[in-house]
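Here's the structure, in structure tokens; my notes come after.
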């Protein structure tokens, strides 16, 4: 006779007194489906997951403590390693907090370029996630469709910064350098001619695939109330019906009206919202966010003004132009004083917190200053760390085969679990 199994009741199979067939399984830290070094301790009843204990201590690098020993420009090379999937977004988040501390207003051209980079980073992150949505369930082709276009974003980043993976492109009050001629045209070609066909390929391959649908719909469901109570943000929260996006609710850069100081309107876009709250809904939200990011980039390129990329020299925070350093003694002395002496970046005593809407949600940095060249305290609100806490709740009652699907739908980046 087949044995009935009800998730809410103990199995009807008779057992000897004191007999317990639950067992413990380590999932990771080197399992291919974890995508990175994180460990899950699964308590199982057969193939059914009874409980999950996440272990976040496998990529600890002391990121936040390093912020107390590096100046406000040097630390940018560290923060972007917290999320190595879309590192440019961490650059933007960090320097948004620093510039709030310094009281710096960015130039219009810098704001537009940063907006373009923010959306390229979002596309870069989401393409990997939607591709892995197929990969983790056995569909390798979908992964290639997403990863091919990510390579082009690396090309675009390399053209402006000289580095493909970790650009370290932002500076206090501006950028390391202006974008080269023809760069915006290449960006437009990417969002118009490369991204849309790739998304259509992914949708054609997965959204009509019976295996993909059955393994994502109704799996890892988060209710709207739970998403709010767990402080979830980004696509994970919006897939459960939470209407929150910092680009709309607390606008910054070109997401805010009058971003240029002359009444310019904000870029127009829609915030994708779903109500399913499952793996499938989170997949759909990310697909639509890629399309909205392409629309934002097109608008930003059209509104890109001429002018300087760094804050006014009176702010006394930006480094001199390279031509000044190479061809004038005054520029060389200015650079030396900023970099090598105690006359460099010294913000007022105080504290500041600023957050941006990254691909995974609210990425915030808190920075406290005692008036010195380095922060007195630097702390991060990484979205993966906050979103990861709901993971055990999502898996209870599911099977081992559901672990990769649910984990990928949260898009956990292990370096953001650094504690």
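The values are calculated or read from the model by the stated rules, or taken from the named source; none is laboratory data. Just so it is clear, the model here is predicted, and its values are computed rather than measured. Virtual Cβ from ideal backbone geometry, glycine too; neighbours counted across all protein chains shown.
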Query raised in the report: Just one of the numbered conditions (1) within 17 Å of residue 280 (Cα to Cα); (2) modelled with pLDDT under 95; (3) crowded, with 16+ Cβ neighbours inside 10 Å; (4) in contact with a helix residue (DSSP H, G or I) (Cβ under 7 Å, 6 or more places away or on another chain) is not true of residue 205; which one?
Result: (3)
Report task. Tally the residues that are in a loop (DSSP other than H, G, I, E, B), touching a residue at least 60 places away in the same chain (Cβ under 8 Å) and in contact with a helix residue (DSSP H, G or I) (Cβ under 9 Å, 6 or more places away or on another chain), restricting the search to the stretch 240-261. Result -> 5
**Report entry** Lone qualifier among 321, 310 - being over 30 Å from residue 194 (Cα atoms) and free of Cβ contacts under 8 Å to residues at least 12 places away in the same chain
**Finding:** 321
Query raised in the report: In this structure, is residue 392 in contact with a strand residue (DSSP E or B) (Cβ under 9 Å, 6 or more places away or on another chain), crowded, with 21+ Cβ neighbours inside 10 Å and either in a helix (DSSP H, G or I) or touching a residue at least 24 places away in the same chain (Cβ under 8 Å) (or both)?
Result: no
Query raised in the report: What's the number of the condition residue 374 fails, among (1) surrounded by fewer than 22 Cβ atoms within 10 Å (Cβ to Cβ); (2) touching a residue at least 12 places away in the same chain (Cβ under 8 Å); (3) in a helix (DSSP H, G or I)?
Result: (3)
Report summary line: Of those in the stretch 208-225 that are surrounded by fewer than 16 Cβ atoms within 10 Å (Cβ to Cβ) and touching a residue at least 60 places away in the same chain (Cβ under 8 Å), the residue farthest from residue 96 (Cα to Cα) is 211
Report task. State whether the residues of the stretch 303-324 include one that is under 22 Å from residue 239 (Cβ atoms), modelled with pLDDT of 90 or more, under 26 Å from the mean Cα position of the chain (by Cα) and assigned to a loop (DSSP other than H, G, I, E, B). Result -> no
